[in-house]
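I have placed the structure first, in the form of structure tokens, so that the comments after it can refer back to it.
Read-outs throughout are calculated quantities, based only on the coordinates presented, and are distinct from any laboratory measurement. These numbers were taken from a predicted model, which means no experiment stands behind them. For neighbour counting, all protein chains shown are included, and Cβ atoms are generated from backbone atoms with ideal geometry for every residue, glycine included.
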Amino acid sequence: MVWTGHWHGFGPWVGSGTEYAKEGPRRPGSTPGDPRTQAFLASAVPPTMTGHWLLRRAQAARGRTWTEVEAAVTWLEKNHADNPPKARDDGGRSYVGVETKTAYARDALPRGVDVTWGYWTASGSMASFSVVCCPNRHHPHTPCPLPPS
């Protein structure tokens, strides 16, 4: 299946696992006027569905809107470096390496597959950041929050 479009970066969100586990605020309500939708739009906590990031128009930014996949992958790598994952006590790796993650992102994004990197940091916080395809395969009727220039 061929996909054409661009990408938006959202995050990074770094916060408590308790906040992240509250799924209700991470979902929009059933209508735009629904109080749950308004709370969802104002929140920075990652949504449960990556395509719902596109509803948060105020969180889209020109510097995180890309037409070239390499720029999106570079942004993922930078956020990973700025918020490194927690290492295991024995010095081993807790998560798949950044090389594997970037290879996957380079493959998936041009095919219209969203990419989210989420993990625990050394401070005990959860880090999450996403590159979302626009238009989005799973939310095709959600308008673009900020078309590329």
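By other beta-carbon atoms within 10 Å, ranking CYS134, CYS144 with the fewest at the front produces CYS144, CYS134.
Per-residue Karplus couplings for segment 57-70, computed as 6.51 cos²θ - 1.76 cosθ + 1.60 with θ equal to phi - 60°, are listed in order as 4, 5, 9, 7, 9, 4, x, 10, 10, 10, 10, 10, 4, 4 Hz, Gly and Pro entered as x. Among the trypsin sites (Lys or Arg not before Pro) in segment 32-113, those located in a DSSP loop and surrounded by at most 14 other Cβ atoms within 10 Å of their own Cβ are ARG88, ARG93.
Note on the chain: dipole from Cβ charges, positive end direction compared against GLY9, PHE129, PHE40; the farthest Cα belongs to PHE40. Residues THR50, THR37, arranged from fewest to most other Cβ atoms within 10 angstrom of their Cβ, appear as THR37, THR50. Return the lysines within reach of LYS78: Cα separation strictly under 21 angstrom, same-chain partners fewer than 8 residues apart disregarded; answer none if there are no such residues. List returned: LYS86, LYS101.
Starting from 0 in steps of 5 Å, tell me what percent of the Cα-Cα pairs of the chain lands in each bin. Answer for the chain: a P(r) of 2, 10, 18, 21, 20, 15, 9, 4, 1, 0, 0 percent. Does segment 46-90 come out rounded, prolate or oblate, given a ≥ b ≥ c as the square roots of the eigenvalues of its C-alpha gyration tensor, rounded meaning a/c under 1.5 and, failing that, prolate meaning a/b above b/c? Taking the square roots of the gyration eigenvalues as a ≥ b ≥ c, segment 46-90 is oblate.
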